[in-house]
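Accompanying notes for the structure given below.
Taken together, the values in this text are just the output of simple stated rules run on the coordinates, not laboratory data. Values in this document were obtained by computation on a predicted structure and should not be read as measured data. When we count neighbours, we look across all protein chains shown, and the Cβ atoms used for this are built from the backbone with ideal geometry, even at glycine.
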């Protein structure tokens, strides 16, 4: 009997388990054990390979790069739970409020800043949905525009550093976290600029969809407002610049920079009188949940990849991907389509730990720049998170949006931003220098 069928069959079984609602980490680990037993029974797998499993798990636990994940998550959740992000939205909204489309521009601006501060999509979308959406609707904004700009700006956490997504991508693609952060700056800011240009266009050609705030609603103006903006915006901006600057200039590793960011976020919260026990407990709870999920996924995916390789599945997938029609372009098209579709159904972490290790050998053989490839994957997932009917950002906003905002309003609102995302993806495909400009 030929063993070639076992590798592909592993994929079929694991995705059946995942799409049936079983936890992804246990789907991966359980599939690995089942196929290890089947492989041994059929004489295609050697139990001795499983002796490598504890060593690989220990390697995960001692991975210094992955230690950055809980630090950056904690930094973002402290800013969220201490309501510093809320202050930022309220103040920037007041600053831009006298302009048509000002509130939507404020959402784009704050979304970019929150993306750099939190790196977690759910936190940004929920925060802006709770604070900005009721205000925008109260003053006559189009429901679809309000929903679209909040969803799109919230997903910038996928691509603007220091993103947790980029840290995981760097680890799985075996490239420098600093290089991936550097490569994603221009694409991330480019997308934010495109969002702002679109909002300005709507305000110009459809004034009723994005009106200015009435003068009586502006509680502060002039120097008082400017002072409030400086007080609210400068500290988190300095924190982000210090964290990223320490990485880019080689002063600190991403993990050390993450620790610095976590301490800095606590100091900001304390300076504003917001460092309460409740905020700290909520931030630690959220950080522990997300970090535990990542660790279990890593252990499950390690077991899966070990058995998959033991059944020569890696040779099968490498041969399949390197012999696609079109060579490099064929691989890039297939990889982007698969990741885009999977992004509807499973979270980024699952995609990173299941799919990327399979794409990496083929990408290396075809001499694809892995930093550019990683940024493209991040932007692709960002697009997937926005796309109806299953995009994760849509569900995050649906959960906190007022009742008068229908699901169809949210779907209609994100369509222009999906087009902008696709344009951004096309631009970094056509002009790789947008990513590689700062790399050696």
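For segment 28-168, the direction-averaged projected area of the alpha-carbon convex hull comes to 11.5 nm². Across segment 6-436, Cα pairs under 8 Å and at least six residues apart give a relative contact order of 27 percent. Comparing 223, 56, 100 in a Gaussian network model of the chain (Cα springs below 10 Å), the most mobile by mean-square fluctuation is 223.
Extending 7 Å from the Cα toward the beta-carbon at both residue 12 and residue 433 defines two label points whose distance is 4.8 nm. Normalised by the number of residues in segment 1-96, the mean separation of alpha-carbon contacts (under 8 Å, six or more apart) gives a relative contact order of 14 percent. Can you bin segment 150-190 into rounded, prolate or oblate? Criterion: square roots of the alpha carbon gyration tensor eigenvalues sorted a ≥ b ≥ c, rounded for a/c under 1.5, prolate for a/b above b/c, oblate for the rest. Verdict is oblate for segment 150-190. Here r is the Cβ-Cβ distance between residue 323 and residue 292 and R0 is 45 Å; the resulting FRET efficiency, rounded to 0.05, is 0.70. Stretching residue 340 away from residue 208 to a fully extended chain increases their span by 44.1 nm, per 0.36 nm per residue minus the current alpha-carbon distance. Subtracting the Cα-Cα distance of residue 33 and residue 395 from their residue separation scaled by 0.36 nm leaves 126.9 nm. Compared with the dominant Cα axis of the chain, that is its longest principal axis, helix 102-118 is turned about 40°.
Per-residue packing, averaged as other Cβ atoms within 10 Å, sorts the ranges 348-354, 15-21, 328-334 into the order 348-354, 328-334, 15-21, beginning with the highest. With a Förster radius of 51 Å, plug the Cβ-Cβ distance of residue 312 and residue 234 into 1/(1 + (r/R0)^6) and report the FRET value to the nearest 0.05. Efficiency, rounded to the nearest 0.05: 0.35.
The value of relative contact order for segment 111-196, using C-alpha pairs under 8 Å at least six residues apart, is 35 percent. A Förster radius of 30 Å combined with the Cβ-Cβ distance from residue 5 to residue 57 puts the calculated FRET efficiency at roughly 0.60.
For the chain, modelled as a GNM whose springs connect Cα atoms under 10 angstrom apart, the maximal fluctuation among 397, 213, 231 occurs at 231. Helix 407-430 and the longest principal axis of the C-alpha atoms of the chain enclose an angle of approximately 70°.
Against the chain, whose longest principal axis comes from its Cα atoms, helix 84-96 is set at around 50 degrees.
Dividing the convex hull volume of the alpha-carbon atoms in segment 188-305 by its residue count gives 228 Å³ per residue. Quotient of the Cα radius of gyration of the chain and 2.2 N^0.38 Å, N being its number of residues: 1.02. Among 248, 194, 37, which one shows the highest mean-square fluctuation when the chain is modelled as a Gaussian network with alpha-carbon springs under 10 Å? Of 248, 194, 37, the Gaussian network model singles out 37 as fluctuating most.
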